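The values are calculated or read from the model by the stated rules, or taken from the named source; none is laboratory data. Everything numeric here is computed off the predicted structure, so don't read it as measured data. All Cβ positions, glycine included, derive from the backbone under ideal geometry; neighbour counts span all protein chains shown.
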């Protein structure tokens, strides 16, 4: 069996494969497959917790390295060292050997120790430096207090004497005065000096005041320079304080309070000579500390710079390695035979590639034991794998945003590539705006590579959709030409088919109407420019655009409906053709197909003189009063309409009953012949029941292609039993054929389909509404800016024109291109998602998520900062 | 020129273009993409042109305006 190559038309053919690997090369194989990115592994150890799995130890080791690397990064950020980012497009990483990984682990271990010890030293020194600086400040500031205070000792004494000194003491003091007089200790006054954070000063003062009942004299000064808090590297403002108080206990109390308030106390001598010596000493020590500090910092920075060169690469290596072990943990490990057994999905057409990759790895490792890859048959529903290229990627994304297509059904993105931008353009038809958009899209595509690096989110989104923008802009150029609109003006590309009927006595302001110039000439491309600015312009364009919306909608829906035929044929479900597609199509065409035919017929008939029929009324009367014709469109219309109505009505019961009853008949026939489904279920494949067949397949075990696999297969088949229900299946609505359920599905489908035919057709009128809005909005913008400015004359008028043009251009870009564009895009998106997809797509698939390094690195948020 | 027959001439041209896109679409796994996109685009554009042309083929109303300048009126 060699079917045609995979195309974007359907999701790729998938196969379930089993891999038998020798334990030694498990890591290398997974690495190679990760580079390929084509296999999605299934978890074969669902019943094991994360801790019981075989390679948890390795993952933990790598987690530790990752932590260390992040620590380096944090240190580098702290030191302001730039990181050399890793560019995936330019640099490549060879898959590492185990030895290299071990080396990396050892290296990062030793580096971590080194960096952290350097850091510790640095912090210790920094703390010392701050202390010394504070001490110096205290010495400087306190010195000032003392110098000032000494001049006032007498006053202080006097006041102290007043309170409590008995007369005699006064005499005693005076005796010893000469030596002691000029010192505080002589007065029995002690002091405490220190530094405290400025924001705590107020609280500190209050507490001291309260506890000492005012028995203190506090002096403080602000330190002008900012001090660095070594704990968190933040600058703090601090004050120096000196507190004078009476008595040892009180001083001790003050010390305790200061320490509890987080103040640092420093010893200061009141003798100015000693103090000078202290200052000198402090300065000398400070210099020493500073030079050591500088050295330490230099060493640290050198170390970190060294690391910064390869940190990103290491980070990516470790992430990849972790992913490899996480994948290996999904494998079933046969300890006795030292074999790894893996199972997963891969595209059938890429099997040879995977096989040769395996072969390569095995050969390189020089193993005599071959790695085996087996394709196995399964009834499980394969994942949907839609290959994309850079053009289709964005289109596929907007389809996937709605849902994942069922395996092998027509890829809804295929028609969307054209219909989505085209319907957008019908709403956005203005040549001027389209050209601006086109140049933007082309610029994004021309500078594709450099712009890829832009991380600004809004731009990245537009950039991602650059090819959509390109196609939208191209179609908008076309529709702009058709609507004959360029910034709401019209172009006179061809001769008009109208000419004004000018009366001989024409006065300005008189109403003039036009007539067809030549009966054999009509405006060949787009809208006649004679309509532009006419009083009844809207009357004509509204009728034209409304009818166009209906016709385009009809075409879009008919086209979409045809895909349901292709799907039914591909899945070999003829009943879907006869029970759904054919009656649905007849129903739709006999009402709306007829309407479209009537529209075109009415256009192509010359109604000169006779009254033209209103098509809207015709359609309404067709339902409300069959057989009644208000104004005839063509002879025999009455009978045609009644017949069409009857045909449409007959389709409803066919839609309702044919499929469910056919399925029941088929089911009963199979039973009558003695067939039983596995586990009492029918083996029929149908739209409604195909999902829940896999549970049954599991129960039976899967016939293995390769009988030599023996035990391994049995085990895996057993595994499948367990997870079949909760993994991707998860539907399981009862066993066997349930007529009721099928019937309910069909009733819902029928009602939905018939109502949707009406509502969806009406929904396409948004094409008219949006295009009218766009055209009117740009006309208003023109008349409010350029039309006024163009009337101006002279230099002033010219300057005014330039200014107004800038405003006009900016507003055009912002309102008419960006805002209107987004709105038209959303409406077009809705037309694709609802009106079109509901006609054919099931969206019952689950996405293929292969194990791929490329994807892993692109999607990992925590690696973003390491990659450029 | 440019009378009712234009629709059919256009149709012939468009069919020729569709056939050309079918046969000259680049080979490879994206052939189906080329064919479907090109043909769908051509048909969509034709449809839109044809609708616009048909809508003006037998007009039921004629343009009317009262702000024409005398110099312009015969253009």
Flag for residue A:597 being assigned to a helix (DSSP H, G or I), surrounded by fewer than 17 Cβ atoms within 10 Å (Cβ to Cβ) and within 14 Å of another protein chain (Cβ to nearest Cβ): yes
Flag for residue A:323 being under 30 Å from residue A:866 (Cα atoms), in contact with a strand residue (DSSP E or B) (Cβ under 7 Å, 6 or more places away or on another chain) and assigned to a helix (DSSP H, G or I): no
Condition broken by residue A:472, with the remaining ones in (1) over 27 Å from residue A:858 (Cβ atoms); (2) in contact with a helix residue (DSSP H, G or I) (Cβ under 7 Å, 6 or more places away or on another chain) satisfied: (1)
Residue that is farthest from residue A:337 (Cα to Cα) [pool: residues in segment A:11-43 that are surrounded by 22 or more Cβ atoms within 10 Å (Cβ to Cβ) and within 14 Å of chain B (Cβ to nearest Cβ)]: A:11
Index of the failed condition, residue A:419 passing every other in (1) closer than 30 Å to residue A:571 by Cβ; (2) at pLDDT below 95: (2)
Of all residues making up segment A:44-58, the number that are outside any loop (DSSP other than H, G, I, E, B) and buried (at least 19 other Cβ atoms within 10 Å of the Cβ): 1
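A quick yes/no check of all residues on (1) assigned by the TED database to the domain that holds residue A:418; (2) touching a helix residue (DSSP H, G or I) at 6+ places or on another chain (Cβ under 8 Å):
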residue	(1), (2)
A:796	yes, no
A:802	yes, no
A:809	yes, no
A:815	yes, yes
A:819	yes, no
A:822	yes, no
A:836	yes, yes
A:864	no, no
Those residues of segment A:538-564 which are more than 30 Å from residue A:837 (Cα to Cα) and at the interface with chain B (Cβ under 7 Å from one of its Cβ atoms), in sequence order: A:539, A:540
Candidates A:367, A:358, filtered to the one that is in a loop (DSSP other than H, G, I, E, B), closer than 23 Å to residue A:97 by Cα and away from chain B (no Cβ under 14 Å): A:367
Matching residues, segment A:387-415, being outside any loop (DSSP other than H, G, I, E, B) and within 16 Å of residue A:564 (Cβ to Cβ): A:410, A:414, A:415
In segment A:474-533, residue surrounded by the fewest Cβ atoms within 10 Å (Cβ to Cβ) [restricted to those that are more than 9 Å from chain B (Cβ to nearest Cβ) and over 28 Å from residue A:436 (Cα atoms)]: A:504
Residue A:631 assigned to a loop (DSSP other than H, G, I, E, B) and either at pLDDT below 90 or surrounded by fewer than 16 Cβ atoms within 10 Å (Cβ to Cβ) (or both): yes
The one condition in (1) surrounded by fewer than 20 Cβ atoms within 10 Å (Cβ to Cβ); (2) within 26 Å of the chain's Cα centre (by Cα) that residue A:377 fails to fulfil: (2)
Search result, residues across segment A:387-418 that are within 21 Å of residue A:470 (Cβ to Cβ) and in contact with a helix residue (DSSP H, G or I) (Cβ under 6 Å, 6 or more places away or on another chain): A:388, A:391, A:394, A:395, A:396, A:399, A:412, A:413, A:414, A:416, A:417, A:418
Residue match in segment A:815-831 (condition: in a helix (DSSP H, G or I), within 36 Å of the chain's Cα centre (by Cα) and more than 30 Å from residue A:455 (Cα to Cα)): yes
Selected residue [in the same structural domain as residue A:781 (by the TED database), surrounded by 23 or more Cβ atoms within 10 Å (Cβ to Cβ) and at pLDDT 90 or above] from A:441, A:425: A:425
Breaking point among (1) at pLDDT 95 or above; (2) not assigned by the TED database to the domain that holds residue A:604, for residue A:482: (2)
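Table: residues versus (1) surrounded by fewer than 16 Cβ atoms within 10 Å (Cβ to Cβ); (2) more than 12 Å from the chain's Cα centre (by Cα); (3) touching a residue at least 12 places away in the same chain (Cβ under 8 Å).
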| residue | (1), (2), (3) |
| --- | --- |
| B:5 | yes, yes, no |
| B:10 | yes, no, yes |
| B:25 | no, yes, yes |
| B:34 | no, yes, yes |
| B:50 | no, no, yes |
Tally, over segment B:14-47, of residues that are under 26 Å from residue A:518 (Cβ atoms) and away from chain A (no Cβ under 13 Å): 1
Residues of segment B:55-71 that turn out to be within 7 Å of chain A (Cβ to nearest Cβ), within 25 Å of residue A:519 (Cα to Cα) and in a loop (DSSP other than H, G, I, E, B), as a count: 9
Given (1) modelled with pLDDT under 90; (2) outside any loop (DSSP other than H, G, I, E, B), index of the condition residue A:378 fails: (2)
Hey, residue A:321 assigned by the TED database to the domain that holds residue A:78 and surrounded by 13 or more Cβ atoms within 10 Å (Cβ to Cβ) or not: yes
Scan of segment A:88-126 for residues that are without any contact (Cβ under 8 Å) to a residue 60 or more places away in the chain, surrounded by 15 or more Cβ atoms within 10 Å (Cβ to Cβ) and within 26 Å of residue A:233 (Cα to Cα), ordered by number: A:112
Segment A:218-254, residues that are under 54 Å from the mean Cα position of the chain (by Cα), surrounded by fewer than 13 Cβ atoms within 10 Å (Cβ to Cβ) and more than 25 Å from residue A:148 (Cβ to Cβ): A:226, A:231, A:232, A:233, A:234, A:235
Matching residues, segment A:116-141, being out of contact with any helix residue (DSSP H, G or I) (no Cβ under 6 Å at 6 or more places or on another chain) and within 20 Å of residue A:308 (Cβ to Cβ): A:116, A:117, A:119
Residue identified as in contact (Cβ under 8 Å) with a residue 12 or more places away in the chain and under 23 Å from residue A:399 (Cα atoms) among A:477, A:462: A:462
Qualifying residue in segment A:446-467 (condition: within 13 Å of chain B (Cβ to nearest Cβ), surrounded by 18 or more Cβ atoms within 10 Å (Cβ to Cβ) and farther than 19 Å from residue A:819 by Cβ): yes
